[in-house]
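Below is one structure, written out as structure tokens; the observations come after it.
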Amino acid sequence: MEECGIGPTRAYSWPDLMSAVRGKKDSLRSVRTILSRPHSDIARYLPAPAMDDLGGWLRRLGLEQYEAAFRENKIDDTVLPSLTAEDLKELGVGSVGHRRKLLDAIAALRAEVGASTPRPDVPPATVNATKDTAERRQLTVMFADLVGSTALSARLDPEELREIIGAYHGRCAEVITGSGGFVAKYLGDGVLAYFGYP
């Protein structure tokens, strides 16, 4: 396997570097850019580690001292993309610089894994949320009420008034739906209707 030496003690395989620049327009320029970066910056462009290569991934980051803690806490390639700064503190990563390196590398893993690994702090999206069905429409809103209902309520018994208002609501609903409208709400002696909805 052809090796590209980067830094005094680190070596990266050519396939690792090529997979790091996958999808770039000018791969040679991308490889040169990656090779010109400091060692710790290169590791975040490398592919996600498999569980058996977690130690290698940490070594490429220059953080091999945490390998035992990761293994003792059963951190594998399915858990790794969802680790937070708080999780890293619990794992014993005391240095802010080391946590930043790990979080940057983990963010790169998340980007590589994409939406297939849901984050625990984000609720899963629903099927309806992924479909954009919004459209622009003209909507007419109509409100109608019974003229003189206050005076009528003073003259009639509550039961009689309820019958009159019920008959009024029924007739309004017939006319509105017959004209292609939608009764949104009955408000006392009034009717709220939409035309052009839904």
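The values are calculated or read from the model by the stated rules, or taken from the named source; none is laboratory data. Note that this is a predicted model, so its numbers are computed, not measured. Side chains are part of the model used for accessible areas, which takes the heavy atoms of the whole protein and leaves out ligands, DNA and RNA. Shrake-Rupley method; radii C 1.70, N 1.55, O 1.52, S 1.80 Å.
Looking at 109, 17, 102, can you tell me which residue is open to solvent by less than 60 Å² (accessible area, probe 1.4 Å), in a helix (DSSP H, G or I) and at pLDDT 85 or above?
102 is the lone residue from the list that is open to solvent by less than 60 Å² (accessible area, probe 1.4 Å), in a helix (DSSP H, G or I) and at pLDDT 85 or above.
How many residues are open to solvent by 50 Å² or more (accessible area, probe 1.4 Å), of a type outside the set (Gly, Ala, Ser) and within 54 Å of the chain's Cα centre (by Cα) if we restrict to segment 160-174?
Residues in segment 160-174 being open to solvent by 50 Å² or more (accessible area, probe 1.4 Å), of a type outside the set (Gly, Ala, Ser) and within 54 Å of the chain's Cα centre (by Cα): 5 in total.
Under the condition of being modelled with pLDDT under 85 and in a loop (DSSP other than H, G, I, E, B), which residue from segment 76-88 is most open to solvent (accessible area, probe 1.4 Å)?
Selected residue: 78.
Please pick out the residue among 191, 175 that is at pLDDT 90 or above, under 29 Å from residue 135 (Cα atoms) and part of a helix (DSSP H, G or I).
Numbers: 191 fails: part of a helix (DSSP H, G or I).
Result of the check over 191, 175: 175.
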